[in-house]
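Peer 1: Once you've had a glance at the structure underneath, I'll fire off some questions.
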Amino acid sequence: IENAQLYATERKRVNELVALNQLTREISQFAHFSELYENSPELVQQRLGYPAVALWLADGDQLTLQHISGQDQAPRHSLMKIGPNQVLITQQPVQLSGPLEERQTIRENKGTPPIQSVIAVPIFRSNKIAGVLSIHAEQARAFQESDRVVLETLAMQIETASERIRLFESSEQEKQRLAAVLNAAADAILLVDQDKRIQLVNIAGERLFTDVNTRVGQILPV
């Protein structure tokens, strides 16, 4: 029995490593925030088999649910938010299992809180919580310590992808602003490299040459 348990544990670790490697590649391919926020929970659920996966964004002391995968297996949102809210307060990963009380008032008829399992980990940006990644199950002891480690790794991958998207969008915005300034200029502006290949040209520059091709990438005749 002990050997079987060790084998099952090792096999789970190998499967997690394979899934993490695949998830890292897939998350790194997203080019827009909407793709990252909507698809990451779906991929985590598919690759690792968690009942429900949620991605939250933080704004000060408030959390907003961006996307949830496995809605039919997830508890109601008021229960789902218990773990992520604790992460926002403690700035630490949270792992809970058992009865979770969502109510602020005493339960009537001596009812008991619903049984839940949750792991929620912070997504840090510049030492501040930018979001929370969480997994949920409507039963006790559904997750292990290794699941928390996996989730923390994925949270770092999501923030890495977010930073890359921010840099890309910032670069695109700068390009658009530069293009607007150049095209509004009355004077011809051209930028060529050492091979006399055009790297940049504004509208006035294109109009200056009527008998040669002045598109970007073309060689400017001398």
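The values are calculated or read from the model by the stated rules, or taken from the named source; none is laboratory data. Since the structure is predicted, the reported quantities are computational estimates derived from the model, not experimental observations. Cβ placement follows ideal geometry from the backbone for every residue including glycine, while neighbour counts extend to all protein chains displayed. Quick note on the areas: whole protein, heavy atoms, side chains included, nothing else; ligands and nucleic acids left out. Shrake-Rupley method; radii C 1.70, N 1.55, O 1.52, S 1.80 Å.
Peer 1: Expressed as cubic angstrom per residue, what is the convex hull volume of the alpha carbon set of the stretch 47-177?
Peer 2: So the per-residue Cα hull volume is 131 Å³.
Peer 1: Reachable aspartates and glutamates from LYS196, Cα under 19 Å, same-chain residues fewer than 8 places away excluded?
Peer 2: GLU206, ASP211
Peer 1: Here is a follow-up. Counting only helical runs of four or more DSSP H residues, what would the 222 nm mean residue ellipticity of the chain come to if each run contributes -39,500 (n - 2.57) and the total is spread over all its residues?
Peer 2: -15000 deg cm²/dmol
Peer 1: If I stretch the segment between ALA179 and GLU102 completely, what's the gain in nm (0.36 nm per residue apart, minus their alpha carbon distance), one decimal?
Peer 2: Taking ALA179 through GLU102 to full extension adds about 22.4 nm, to one decimal.
Peer 1: Further, regarding this structure: Take each uninterrupted DSSP H stretch in the chain, measure its Cα extent along the helix axis, and return the ones at 18 Å or beyond whose mean Kyte-Doolittle hydropathy is at least 0.5.
Peer 2: Once both thresholds are applied, nothing remains.
Peer 1: Additional query: Can you figure out the FRET efficiency of ALA188 with ILE115, using R₀ = 45 Å and their beta-carbon distance, to the nearest 0.05?
Peer 2: 0.05
Peer 1: Extension gain GLU10-ARG215, at 0.36 nm per residue separation less the Cα-Cα distance, in nm?
Peer 2: 67.9 nm
Peer 1: Compare LYS128, LYS12, LYS175, LYS196 by solvent-accessible area with a 1.4 Å probe and give them largest first, with all protein chains kept in place.
Peer 2: Sorted descending by solvent-accessible area, the residues read LYS128, LYS175, LYS196, LYS12.
Peer 1: Between ILE123, ILE82, ILE198, where does the largest GNM mean-square fluctuation fall for the chain, given springs only between Cα atoms within less than 10 Å?
Peer 2: The residue that fluctuates most here is ILE198.
Peer 1: Normalised by the number of residues in the chain, what is the relative contact order in percent for Cα pairs under 8 Å and 6+ residues apart?
Peer 2: Averaging sequence separation for qualifying contacts and normalising by length gives 15 percent for the chain.
Peer 1: Moving on. Across all directions of projection, what mean area in square nanometres is found for the Cα convex hull of the stretch 17-106?
Peer 2: That works out to 7.3 nm².
Peer 1: Just to be sure I understand, if you calculate Rg and Dmax of the Cα atoms in Å for this structure, which of (1) 17.9, 60; (2) 25.7, 91; (3) 22.2, 78 do you get?
Peer 2: For Rg and Dmax of the Cα atoms in Å, the calculated option is (2).
Peer 1: For the stretch 37-102, run through the GluC sites (Glu not before Pro) and keep only the ones in DSSP coil with at most 14 other Cβ atoms within 10 Å of their Cβ.
Peer 2: GLU101
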